[in-house]
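Single-structure report; data block below.
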Amino acid sequence: MTTSFVYKADPERGREWQRLFAEKAPHLDFRLWPDVGDPGAVRYLAMWEPPDNLTERFPNLELAFSIGAGVDQFDLNAIPDHVPLMRMQEPGIATTMQEYVAMAVLSLHRNLIDYIDQQRKAAWQALRVRPASQCRVGILGLGQLGSAVANRLTTLGFACRGWSRTRRHFEGVACFAGNDELTEFLAGSEILICLLPLTDHTRGILDAELFARLPRGASLVNVGRGPHLVAADLLAALDSGQVSAAVLDVFDPEPPPADHPLWHHPRVLMTPHVASMTQPAGAVETVLDNIARHGEGRELIGVVDRQRGY
Ligand code: NDP
Ligand code: OXD
């Protein structure tokens with residue numbers, strides 16, 4: 001009997017998945033959405049956003065895969081309880097996120113926004129350079145990506161600290177946990193990076209109250225999700241000087257409306273949700289490993305905890 005794997009996301013990368021599946025798992029009938037073939041044969045589904053009526057559409061579905069690390073785009077109640085949903089944990093997501101955050105932190109640390117402004121005005125004014133070791137970087141979220149970023153920034157010499165829900169331990173990183181330790185964590189974060197998942201507990205966390213707890217003139221890198229940030233509060237904090245600059249990769253909505261003040265704010269750098277990107281080679285390997293584990297009754301990797309929402 002045929003067993004199908006359906007891919008429902010960006011078709012260009014989908015064709016790369018298709019080629020890799022043909023090479024590594026020729027026994028599976030790989031299907032690119034919307035050409036799903038016999039819906040009853042679909043056992044595995046990889047997607048950025050789920051289709052409507054998932055249960056009725058694919059009655060024999062066994063495993064669901066997010067092609068991204070985040071799963072806030074899923075209505076977790078719409079995925080049957082007996083079908084595990086897995087987040088993407090391939091290594092390429094972490095390496096591309098490390099690159100982006102290193103770029104953002106170095107840009108902020110070495111005053112790139114000031115120099116872009118100076119160049120536009122043909123101005124020549126050296127700003128004081130401090131060693132990275134004197135710059136304290138705080139990372140909200142110390143999971144797969146936050147810990148990889150802490151590792152890379154530590155290598156670059158930055159003094160890193162991180163915050164998570166449960167206590168984590170990483171050599172060379174000051175680790176803080178839970179709401180009780182958030183104030184202390186923020187007070188020592190001159191560059192704050194958001195790498196949290198979007199949940200009911202983290203929505204709107206980057207607000208006026210949080211900015212007020214940062215050292216004056218701190219800067220922000222948001223690579224989590226747009227709804228983590230209260231944009232009006234950031235604009236007010238930038239205008240008051242409480243926050244000196246921001247590098248933003250994620251927005252609510254995406255893209256922001258053409259007349260949104262962030263587009264033209266002189267202290268903001270924006271990118272179109274590209275901080276990291278799932279790489280097909282690693283993704284296919286990770287997905288096939290989980291399919292093999294499922295077949296052998298072994299533990300699956302990256303299963304979303306529906307209670308926690310990430
Ligand atoms: P993980 O699930 O591996 O890590 C999440 C971290 O956040 C964990 O340390 C977790 O704590 C912490 N956390 C969750 N909720 C809370 C809370 N209420 N209070 C304190 N800490 C909390 O996720 P990833 O590292 O893989 O990904 C993080 C996010 O990055 C994704 O959900 C997505 O939104 C975003 N992302 C953005 C991309 C982009 O291109 N801009 C690309 C990929 C991901 P604990 O360790 O205790 O569980
Ligand atoms: C992800 C993303 O969650 O690309 O992987 O945002």
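The values are calculated or read from the model by the stated rules, or taken from the named source; none is laboratory data. The model shown is predicted, which means the values in this text are computed figures rather than measured ones. When we count neighbours, we look across all protein chains shown, and the Cβ atoms used for this are built from the backbone with ideal geometry, even at glycine. Accessible surface is based on the protein model in full, side chains and every heavy atom, while ligands, DNA and RNA are left aside. Shrake-Rupley method; radii C 1.70, N 1.55, O 1.52, S 1.80 Å.
For region 37-62, what are the residues that are in contact (Cβ under 8 Å) with a residue 60 or more places away in the chain and more than 22 Å from the chain's Cα centre (by Cα)? Spell out how you get there, then give the answer.
Of region 37-62, the ones in contact (Cβ under 8 Å) with a residue 60 or more places away in the chain are 44, 46, 62.
If the condition is that a residue be in contact (Cβ under 8 Å) with a residue 60 or more places away in the chain and more than 22 Å from the chain's Cα centre (by Cα), then Y44, E62 are the ones that fit.
Could you grab me the full set of residues in region 224-248 that are within 21 Å of H201 (Cα to Cα) and open to solvent by less than 10 Å² (accessible area, probe 1.4 Å)?
Once the filter is applied, which keeps residues that are within 21 Å of H201 (Cα to Cα) and open to solvent by less than 10 Å² (accessible area, probe 1.4 Å), region 224-248 yields G224, G226, H228, L234, L248.
For the list (1) within 16 Å of ligand 1 (Cβ to nearest atom); (2) farther than 27 Å from L112 by Cβ; (3) outside any loop (DSSP other than H, G, I, E, B); (4) without any contact (Cβ under 8 Å) to a residue 40 or more places away in the chain, I need the number of the one condition that D305 fails.
Here D305 meets the rest and fails (3).
Mind telling me which of the residues T183, T154 ends up being in contact with a Gly (Cβ under 9 Å, 6 or more places away or on another chain), among the hydroxyl-bearing types (S, T, Y) and more than 20 Å from G241 (Cβ to Cβ)?
Just one listed residue meets the conditions, T154.
Quick grid of which residues meet (1) assigned by TED's automatic domain parsing to the domain that holds N179; (2) among the aliphatic types (A, V, I, L, M); (3) open to solvent by 70 Å² or more (accessible area, probe 1.4 Å); (4) within 16 Å of ligand 2 (Cβ to nearest atom):
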position	(1), (2), (3), (4)
E99	yes, no, yes, yes
A104	yes, yes, no, yes
R110	yes, no, yes, no
D114	yes, no, no, no
D117	yes, no, no, no
V129	yes, yes, yes, no
L140	yes, yes, no, yes
G143	yes, no, no, yes
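Here are some residues: D239, D289. Which one is farther than 21 Å from M47 by Cα and more than 22 Å from the chain's Cα centre (by Cα)?
Every option except D239 fails the conditions.
Tell me yes or no: at least one residue of region 266-276 is in contact with a Lys or Arg (Cβ under 9 Å, 6 or more places away or on another chain), open to solvent by 70 Å² or more (accessible area, probe 1.4 Å) and within 14 Å of ligand 2 (Cβ to nearest atom).
No: region 266-276 contains no residue that is in contact with a Lys or Arg (Cβ under 9 Å, 6 or more places away or on another chain), open to solvent by 70 Å² or more (accessible area, probe 1.4 Å) and within 14 Å of ligand 2 (Cβ to nearest atom).
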